[in-house]
Amino acid sequence: MKMFSVAHKTAFVVDHCPYMAESSRQQVECDVLTKSRAQGVIPLAPVSKSLWTCAVECSMEYCRILYDVYPLNKLVSLVSLINYIVSDSEFHILNTWRQEDQSTHELMSALAAVGPPNPREDPECCSVLHGLVAAVESLCKLTELQHEQRTVLMDTAERVANRGRIICLTNAKSDTHVRMLEDCIQETLMDQNKLAAGSDRLMAIQQCELVLVHIFPMGEDALVSDRPKKEISPLLTSEVHSVRAGRHLATKLNILVQQHFDLASTTITNIPMKEEQHANTSANYDVELLHHRDAHLDHYKLFEISPFLCFSDITSGCVLITPKPGDLHMAGSTSRDSGLKETVTLKWCTPRTNSVELHYCTGAYRISPTDVNSRPSSCLTNFLLNGRSVLLEQPRKSGSKVISHMLSSHGGEIFLHVLNSTRSTLEDPPSISEGCGGRVTDYRITDFGEFMRENRLTPVAETAPNPGGRFPADRAKAQLERYTRYWPMIISQTTIFNMQAVVPLANLIVKEALSEEDVLTCQKTVYNLVDMERKNDPLPISTVGSRGKGPKRDEQYRIMWNELETLVKTHAAGSERHQRVLDCIVACRSKPPEEEERKKRGRKREDREERPDKNGTKEPEDRAWQDSERLKGALEKEEQESEVIKDSPDSPEPLNKKPRLAIEEVQPSEKAKGPVSLLALWTNRITVANSRKHQEFAGRTSSVNNKAELYQHLKDDNGMDVHENGKASR
């Protein structure tokens, strides 16, 4: 039963020996406690708390958070009780497992009666071991809930479990001292279980967790090393934390209370609050709250930090895919205190209405401020207790805001409400373009369906052979890990998986062991790719999202070879035959020098022909030079053809002979000038073409300044011009 888990009983053991009176060396300024200081008043010297004071304050914060989130006499999912023990020359039990003793007020009153450690007390007589033995004895005692359940289930009383946790705050001397404490607790557990076996008022301890927190002053080296949870015996597990006193200890216990009771942290940002000293101005503050982890259950489902990520709604099935490290992260979360503490950030959103019932909530969880005495926390709680509610939205860089939570109070208690911000189960499944990858429409849906068919789980009989001594679930996970080492989800992100020629290699390279025939098939696939490159065959390169024609052919093949080498490299480690396939790819990629030089010249020629100017056209000089060269070649060809043709002696004189001579007589002076312009070349070509069709007008060939005298034969002998009606004029 969950109510009788390890979290049901927690025994706090705080060391009260003389060495706990040592200063923590974390100074506290006293003048900040007053708003103003009169002139001439000497400020108080800073003070520092003792190790005992730091331990008591942090342990009380641990208890306060627990009582806030899981109050007694309320309908809660977990009943957590605390037994507080102080240890010096003997143990002092400050409260019992009874519910009326479970409050911070009772504990603080009892601690005030204990007082600070006595530095004059004999250290040889003091030991935290007294308190640890008392804690084990206390865990054997029945709580009211355990007694009630045992009474109800008389026939099956053994179903009621007895588990607990011991948190020890002390100043250990060394790692050897820690091991000695663990051995003593183990012996005490064995002895107490023997006593409980013959008693109706005691229960044998089935599981005990020891959390030992070594506290040392600021500026000193830790004499005890940290150690994660370790199983000492089937009954006892132990973990060690070495922490500096002061704020570091408070942070550590804040993290421990979250781990022990399934709590999570939420930081509310941009809380508008008027300044205390300037009433007309306001500033934004942040407040951190602790609550049950289920308040962010939808958040964790969407951004799950786990070894596997589940993709569904693509085909009729569902499959688990291992993401790359760093691909996934918890959106809206920030890490604090060197990554030891995580908090989900939500932004203050002023509500339009105070009607809480208008919002569709899927859950409500009690909250506890981390820094309950700070002014921002106090203002926020007072604001909520006055009947107001606060909507919280997830911070987003773009798009519309998503309101996911709401803070409101009920019956004098503040709850964090979870609003329904996801799709309802009654709605149709989302489109593939609305998945976690954004509005992407080119998913490899067909390949993903084939991937699921290849990795489908089937029941295995108990008598089935077990190769390698591994369980079927382990073999299935290993196969899934191999298949997903390199598996692009989008068509535009891959080339080789879009090529039919690479399919044989891609299907074989994911196998755990390759045969000689498999190696030959993979090598044959590589040689086919080399032949494709030699023939300059096109590749299925996606141009989605890119401008222009895409990469050139050489660049396409370079991308293809890089991706193929990446795929094979992920499977080549530790396998000799996989390495042979990789060596074949590397050898085929290295081309002879003459082939590389030939390709380099070809690329230079293409660059020169396709080089655009600023307006997107070729350079005018290059175009004029190419046109002139082409025109010169055409003229030379025509002249050669005309020289080859021979006329017979009896044939009449061609019409174009005289104009050609006339043109040739005129051209030498122009040719002697140097380079011929494009206009002169074009004019000459038109003239030659026209001279073949008809005899050129004499006036055009012999004119001076483009002027020719007409009708010379009509002049009389006296130089008179003859005009109309036979009249002459001079």
query: Alpha carbon centre of segment 67-144 versus segment 369-383: separation in Å?
result: 28
message: Can you give me the Rg/Rh ratio for segment 99-182, using Cα atoms for both radii and the Kirkwood formula for Rh?
response: 1.08
message: Please report the net charge: other residues with Cβ closer than 11 Å to the Cβ of Asn455, K and R +1, D and E -1.
response: +1
- prompt: What Kirkwood hydrodynamic radius do you get for segment 211-261 when you take the inverse of the mean 1/r over all pairs of distinct Cα atoms, in Å?
  reply: 11.9
Restricting segment 79-163 to trypsin sites (Lys or Arg not before Pro) in coil, as DSSP defines it, with at most 14 other Cβ within 10 Å: Arg98, Arg120
- request: Arrange the peptides 186-194, 259-267, 225-233, 511-519 so that the one whose residues have, on average, the most other Cβ atoms within 10 Å appears first.
  value: 259-267, 186-194, 511-519, 225-233
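Every read-out reported here was derived from the displayed coordinates using simple, explicitly stated rules and does not represent laboratory data. From a predicted model like this one, the values you see are computed outputs, not experimental measurements. Here the Cβ is made from the backbone with ideal geometry for all residues, glycine too, and neighbour counts use every protein chain on show.
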